[in-house]
Structures are given as C-alpha cells and as structure tokens.
Protein chains: 4
Amino acid sequence: MNPTVETVAGQLADIGRHCYERGWALGTSGNFSAVVRQKPLTLAITTSGVDKGLLESHHIVAIDEHGQVLQGSGTPSAEATLHLAIVRSRSAGAVLHTHSVWSTILSEATPDGSLTIEGYEMLKGLDGVGTHEHRERLPIVENTQNWTAAAPLIETILREHPEAHGFLIRGHGLYTWGKDLAEAKRQIEILEFLFEVMGRKRGMAWQQ
Amino acid sequence: MNPTVETVAGQLADIGRHCYERGWALGTSGNFSAVVRQKPLTLAITTSGVDKGLLESHHIVAIDEHGQVLQGSGTPSAEATLHLAIVRSRSAGAVLHTHSVWSTILSEATPDGSLTIEGYEMLKGLDGVGTHEHRERLPIVENTQNWTAAAPLIETILREHPEAHGFLIRGHGLYTWGKDLAEAKRQIEILEFLFEVMGRKRGMAWQQ
Amino acid sequence: MNPTVETVAGQLADIGRHCYERGWALGTSGNFSAVVRQKPLTLAITTSGVDKGLLESHHIVAIDEHGQVLQGSGTPSAEATLHLAIVRSRSAGAVLHTHSVWSTILSEATPDGSLTIEGYEMLKGLDGVGTHEHRERLPIVENTQNWTAAAPLIETILREHPEAHGFLIRGHGLYTWGKDLAEAKRQIEILEFLFEVMGRKRGMAWQQ
Amino acid sequence: MNPTVETVAGQLADIGRHCYERGWALGTSGNFSAVVRQKPLTLAITTSGVDKGLLESHHIVAIDEHGQVLQGSGTPSAEATLHLAIVRSRSAGAVLHTHSVWSTILSEATPDGSLTIEGYEMLKGLDGVGTHEHRERLPIVENTQNWTAAAPLIETILREHPEAHGFLIRGHGLYTWGKDLAEAKRQIEILEFLFEVMGRKRGMAWQQ
C-alpha cells in the first residue's frame, strides 16, 4: 500500500523546516520531493514561492510524470522537471535540493566540472559506501532558468556519473536523493558536513 | 481596512526576536518598522534601547510622517527619519535594519561606495528578480549619528539607485524593505546569505 | 529594598545557560555574579565546577566582601576575588566572565597589552557610548592560577583604564560588567559581536 | 547497586541528540557508550546505522567484554572493539566518539602523529588538569575499517600516552572518555572548543 499524499506532504514539510533551521533553505530557496506511488508515478513536491521556515503540508502538491498537478493547489517548483529526471534516472524515492553557503562557494571553487571528496570517514554515510577510501565525484552543472530545456543534459550527466550521490549547480546549490526521505536527508547532512570541511580547509594558509 | 497597530506591533516583535536569534540584532541593535496606514501615514516602529531578544508589542510605537508619536510610549528609534525616507522613496510597506557580522565586515570591504553581488541563484529571492544573472548593487553610505540631517542624502541615493533592494551603512549594517513584512524578512535572509557567501569567499586563499 | 539572593540566583542561572547556548561558557567554564546588597556587600556568584548548561539557582552562593560564603553550599568560583575587585573598582552591579572562541583568539592576537576596537556602530551598545566614533581599548592581562595574588594588579589596570568596559585574560576570555545584569548581558553580546567581526576580518586576505 | 541498562541508555540517547544538535554527530556518525556494570563488564553502546538526531533508548544495546550482545536488539557499532579497549585501558566509565568539522580538519593538519594544545585556560576542564600551563598531546591514529584488527594498536597508543585525554582518528573524528558520562560530555565540549580555536587561528594570515 502506498503512503497517502498527505502523509508524505507532512514529512516533506518537516524536512523543509529542518533545512531552513540549518540555513540550507533560507527565504523561498530549496525544493523537496518524494515519491508517493511508483506506477503510475505520483510525486509530492513543494510549490513555488513558499518561505521554507513556514512550510506546511498544504504547500505541497502531487504531480504526475509529466509535471501535471494531480492534487493540491499552487504551482510546483520551477525545478520539478529536474526532480522528475532524477527520480527516473536513479529510481529515487526522494529528492532534496538545498542552497547552503558552503555548497554555493564550492560550486564555484573548482575550474573543471566536478568536486571531488575523498578519504573522509563521513563518506560512509552515503548509500552503498563502506569505506573512507571512497572517492566521491560530484558533477557541477551550469545554472539556468530553463530546467525543462536542461533536463536532458541532467539525465546525460547522471548517466555518465552512475556512482555520484548528488550534483552541484554552479552558484546555486546541491541536489541529492535516496531510496526514501530518511536516506536523502542523511545524505544532505553528510554532504553538507563534507562541504564545510572542504570549504574551511581552503581558508587555511597551510592548505589549498 | 487597515491592520491595527497592535497586530503590526506583534508581527514586528516576532521578526525582531527572530533577527536576534540569528545574531543579526544583538543587544539593542537593529530597528524595524511597518506601515499600518498609508494616508495619512501611520508607521509602527521599534523604540530605542530595547534588547531585541526581549522585544514585545509594547516596545513598538506608532508615528506619523513627521516622526511624531501617535500611539504607545517610548522614544522611536533614532533612525526613524531613515525609515520614513525609505517608506516615502520606495512606497515600502516594511523596513528592516539589521547589524550582522557579515554586513558589518562587507560594508568596509570595498573601497568605493557600493557592494556588487551577481551570478547567484539566491538573488531570485529579491523582489522582481527572475534570474541568477541579475547584478545587485547595494550603495554603501557613511555612518553618522545625525540621521535627520542625513535623510536627504539617503533619499538622493535611493533615487540614484532605483533598482537597489537595500543599502549598507559603513561599520553599521543593512537596510532593506518590501511591500510587506514577509517580503522584507525574506530579503533580509537572502541578502544575509549572500553576504556570508561573499565574506567567506574573501577569506579563501584562492579567491579575492 | 534589596532583591533576595534567590531572585538574583535565578537570574544568574538564566544568564549562565544563555551563555552556554551561545558557546561562551562551555563545560564548566565561565562565572557570573550580581550584587544583592551594597552595604554591607552581598554578592551572588556561581560555584566552581558546575556545567553551565545545567546551571540552576542552587549552584549560586552569596559571599561577603572578603569572599566568605554567607548563604548556600558549594565553593565560590576561584575567580571570586576578581569579581569582588571589579565590583569595588567600578561600582558594578553585575560581573560576567565568558570564554568564547573569538575572545580567546583575540586575547593572543595583539603583541601589546590591549585590544582596540573603533569605528563600529555596535560600540553604542556599551554603557555611556553615544557614537560609533568611540575608541574602546580593552586591556589584556596575563593568565594566572592565583587570582588572590593578582587582584591588586587587576585593580591597578582598572584604575589606569577608567573608560574600559571590560578586559581580556590571555588565552582565557572576557570580563565585563554593568550597573545591573541586563546591562552586563548586553555588553557581553556587544563585545562578542565585535570580537567576531575583528576575528573574521583578520582571516581575510585583503585585511590586516 | 548498578544503574540499569535502561537508565544508561536514556542518558546516552540524550547525549547523542545533544551532539547531533551541536553538529558533532550528523547523519549516522558518532557512537557512544557507558559502563553499566564493571565486573563482569556490561557496556551500553549505540547500535549501527541510527540517525543520531533521532537516537532513542531502544537504539542502545548492552554488550559484554567480548562485544557479545547481552540485551537489546540491533548490531553494536562497528567500533565497539575500540570502546572496549578504551574502557579496559583507562578504567573509563563512558566513551564518546564524535565527528566534528574541526576535529576532522585538525586530524589532517599536522604531519606527525599528534596534535598539541597548550596555554589555554579551557584545558582546565580536562580531568585532573589544574592549570592553563598544561600541554595536552592528542595522538592521531590512521583510519581503518577493521577496528578489531586495530584494537591492539590503540591499546599500545593509549599505554604510550598515559596522560592523553583523547585521540583523533585521521579524517574521522575524536574519541574521549571519562569516569562517567558527565565528565566525558564535558571533555567533548572542552576539546571541541579548543579545536575550533586552533582551527580558526590557522585560517588567519598572522598565524600559522
């Protein structure tokens, strides 16, 4: 039996306010989704323009695989196409997108198209990673205001980096996902922790 | 129908304590106002010398367009003239002034009279901004203890920068505004986030 | 009529937990006092070895001008002599001592015996300061484990810097005071804010 | 009379959530134990894979000196061998292991096998330290995924540094302990404070 939209909407609202408290979704930034039903796909997703510190269940709508609203009122996030692309490519049960200070800074810090993190015990919090000797390579994609047009590019990048647990959008933030909301939330925390470690190290004279 | 002074005072007290919690209005710093009635103008504004962590409705007074107290007890903030100038110049419904660590640092970090922020997705949280390709230029004005004398200068600066969503006072903090309190609060968060990004980047060896 | 020891102890416990929450009195660090009666002097002060996150009224004792316990159980802070010296020299109603990260760092950052802060609007939160053009010079004293022996030195320093609103102990933290607890608490916040501004600026490539 | 497993489990859950709130045990990182009975040894310890922000008593199991589960369900932390080694070597009543940003950074910051902290008043929060003139030397051990094999090495290191109040695992985090949970919690705060001081100082141009 599938969870109802209402149940999932309540969980997304909790996670949204949690991310706001952490400073990862200030103002109206960030958007969050979770699969309610796989076939046919029903995805609960935050609507546009909501202050994430005030996020409630009624700010969540249910959409189908084409982004059409099935239930609830409000416009789905402009990045719904991205969420749908990730759900499709990764068989994800939940997709979380945050705008933190450190992810914003690191998305600009590497000249090439990815950020590499390796050697940290905390990497073991990522799905399927069993050792600190893991090398996580997060693709960095250019920002755009037309995610419908950019969705195929994102699908290509996801296909080319099958092992990546997330990606960064330049000057914008992080996308990560998981088989369910608990896993996706854990991965946000793991990646944000590692971003802070890497960002702070770059501020140190002995380290570049 | 206009909201009553009491209602607006309660909202201002909530926002003041929120800013205190964030570290943007420590001690008695910061002041906050919102329009109760447009014609004739009635502005609810915080009084002087109140610990913002303890801000309550009764610390808010209503003033007229000349800064005279219409309702409540206490002295309006010494910067009331500034709030009135902003309400007049921008047809603002709310004006928020905070003293954060990052706005203080950045107000001193540029030799010329402004701080430019561009290329970040978070800029879309500012009123009327629809793309990260936006270039926000915040004027920086010199600090003074005589805002009555300085108000015409502020009005000139606001007129010369019609697109600016706020301004900085050197060594002092940020002024921003919005059509209502929710918009002004969102803009504080957006700008403070961007200040932190810019401030932290300047601390990095690879970035100046 | 004087407030009772119990009332003041409750206020000190509130401030202690607040400082713990801010990260200014972690573990058993920090100590706090307030005058209950001026003549003969009765000072309520925190006892030694208490986790400041768990501080309660019964962890506060009342002492006389010689540091003898008048009421309550437990050993007064080893720095009680310092509190008494400040109460005497400054006619203070409350003395607060915190160990923050930034005050610790800045206490080591200047080769000579003081830290100077000037030009910030936030300085106006200090007692009697009416303009950002104020120049605050905080003496820095060497740390010791024998404050009974060092008390005369502290009294000398306080006499030589009659305008100082606090002083730093090297590698240790801040002492500030006020006519009452509310003023002393406000000054802690003001000074900690300014320490953070100065500390962060020193981390920046463009600034020395 | 010994405390029951349930009582200790509740205390460990409180400390785990506290560490999560501080950012020292994000995601499923960190593990915590406390002795319930000395002879024969019964150790209450967190199980694997639990989100520390959601830690409850039923996520704690009791194990014997060989790491066999005596009570409760779930797999003890993979680092249980390490906890047992510390309890044995130090006669500790509680062992806490956290993954903070600063401990992670500092564990990589020194080329040799230890981190030295000296001259800070805050050191007095460590068990048995009575002066800021104390020199704390924390061994840094290489990370591994086989703590059963590494336990003898840890015991050797603990024996060679009888005065150390904790140790760091490279790229991983801090282990500290105490005669009881209150002391171990205090030491976590003391050491994390000192790590932040040292880490921030290294970010400053005037300091390396």
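Side notes on the structure shown:
- Per residue, chain A exposes an accessible area of 38 Å² to a 1.4 Å probe, with every protein chain left in place.
- Total charge dipole magnitude, the stretch A:155-205, about the Cα centre, Cβ charges on Lys, Arg, Asp, Glu only, Debye to nearest 20: 260 debye
- Cα gyration tensor of the stretch A:163-205 - equivalent ellipsoid semi-axes, whole Å, descending: 23, 12, 8
- Complex-versus-alone comparison for the stretch C:173-195, residues with a loss of 20 Å² or more in accessible area, probe 1.4 Å: C:Lys185, C:Arg186, C:Glu189, C:Phe193
- Once the gyration tensor of the Cα atoms in chain D is diagonalised, the equivalent ellipsoid follows with semi-axes of 28, 17, 16 Å, ordered largest first.
- Working note: Karplus 6.51/-1.76/1.60 with θ = phi - 60° gives the stretch A:89-97 the couplings 6, 10, 6, 6, x, 7, 10, 10, 10 Hz, where Gly and Pro are set to x.
- Highest-MSF residue in chain D out of D:Glu189, D:Glu142, D:Glu108 [GNM, Cα springs under 10 Å]: D:Glu142
- Charged-residue dipole, Cβ positions (Lys, Arg, Asp, Glu), chain B about Cα centre, Debye nearest 20: 60 debye
- Between B:Leu115 and B:Leu138, B:Ile140, the built amide H atoms are under 5 Å apart, and every one of these is 5 or more places off in sequence or on another chain.
- In order along the stretch A:38-46, the phi-based Karplus estimate (6.51 cos²θ - 1.76 cosθ + 1.60, θ = phi - 60°) of 3J(HN,Hα) comes to 7, 9, x, 4, 10, 10, 7, 8, 5 Hz; Gly and Pro are listed as x.
- When the other protein chains are added to the chain by itself, burial of at least 40 square angstrom of heavy-atom accessible area (probe 1.4 Å, ligands and nucleic acids ignored) affects these residues of the stretch C:144-162: C:Gln145.
- For the stretch A:81-123, a reduction of at least 10 Å² in accessible area between the chain on its own and the assembled protein chains (probe 1.4 Å) is found at A:His99, A:Val101, A:Trp102, A:Thr104, A:Ile105, A:Glu108, A:Ala109, A:Gly119, A:Tyr120, A:Glu121, A:Met122.
- Two-decimal ratio, the stretch D:1-56, of alpha-carbon radius of gyration to 2.2 N^0.38 Å: 1.15
- Charge tally in the Cβ shell below 14 Å around D:His59, where Lys, Arg are +1 and Asp, Glu are -1, D:His59 excluded: -2
- Remark: the protein assembly as shown carries a charge dipole of roughly 120 debye about the Cα centre, counting +1 on each Lys and Arg Cβ and -1 on each Asp and Glu Cβ.
- Derived value for the stretch B:50-125: Kirkwood hydrodynamic radius 15.5 Å. Basis is the mean of 1/r over every pair of different alpha-carbon atoms.
- Share of carbon and sulfur in the accessible heavy-atom surface of the stretch D:59-208 [1.4 Å probe, %]: 48 percent
- Contact order normalised by residue count of chain C, Cα under 8 Å, 6+ apart, percent: 19 percent
- Which of C:Gly23, D:Leu194, D:Leu82, positive extreme of dipole for the protein assembly as shown (C-beta unit charges): D:Leu194
- With the convex hull drawn around the C-alpha atoms of the stretch A:129-178, the volume per residue stands at 87 Å³.
- Chain A: most fluctuating residue of A:His134, A:His97, A:His172 per GNM, C-alpha cutoff 10 Å: A:His134
- Selection among A:Leu96, A:Thr176, A:Gln68 by position relative to the dipole of the stretch A:39-177 gives A:Gln68 as farthest towards the positive end (Cβ unit charges, Cα centre).
- Among C:Gln68, C:Gln145, C:Gln11, the largest mean-square fluctuation in a Gaussian network model of chain C (Cα springs under 10 Å) belongs to C:Gln145.
- Label point 7 Å beyond Cα along the C-beta direction, distances from B:Arg90 to other copies (nm, shortest first): 3.8, 3.8, 5.3
- Restraint check, C:Lys185/D:Lys201; A:Lys124/A:Lys185; D:Lys52/D:Lys201; A:Lys124/A:Lys179; A:Lys201/D:Lys124; B:Lys52/B:Lys201, Cα-Cα greater than 18 Å: C:Lys185/D:Lys201; D:Lys52/D:Lys201; A:Lys201/D:Lys124; B:Lys52/B:Lys201
- Percent of C-alpha pairs per 5 Å bin, the stretch C:117-208, short to long: 3, 12, 20, 23, 20, 13, 6, 2, 0
- Residue and distance (whole Å) for the chain C Cβ nearest the axis that superposes C on B: C:Gly203, 3
- Nonlocal amide H pairs with B:Glu65, under 5 Å, H built at 1.01 Å: B:Leu41
- Interface D-A: total buried accessible area of about 2100 Å², 1.4 Å probe, protein heavy atoms only.
- Karplus-based coupling profile of the stretch D:70-81, in residue order and whole Hz: 9, 7, x, 10, x, 8, x, 3, 4, 9, 4, 4, with θ = phi - 60° in 6.51 cos²θ - 1.76 cosθ + 1.60 and x standing for Gly or Pro.
- Rg of the Cα atoms in the stretch B:79-173, relative to 2.2 N^0.38 Å, amounts to 1.07.
- Two-decimal Rg to Rh for the protein assembly as shown - Kirkwood Rh, Cα set: 0.97
- Taken along its three principal axes, the alpha carbon spread of the stretch B:1-113 comes to 44, 31, 23 Å, from the longest extent down to the shortest.
- Relative contact order computed over the stretch C:91-171 (Cα-Cα under 8 Å; 6+ residues apart), in percent: 32 percent
The values are calculated or read from the model by the stated rules, or taken from the named source; none is laboratory data. Only a predicted model underlies this, so the values are computations on that prediction, with no experimental measurement involved. With ideal geometry, Cβ positions are generated from the backbone for all residues, glycine too; neighbour counts draw on all protein chains shown. What goes into the accessible areas is simple: the full protein's heavy atoms, side chains included, and nothing from ligands, DNA or RNA. Shrake-Rupley method; radii C 1.70, N 1.55, O 1.52, S 1.80 Å.
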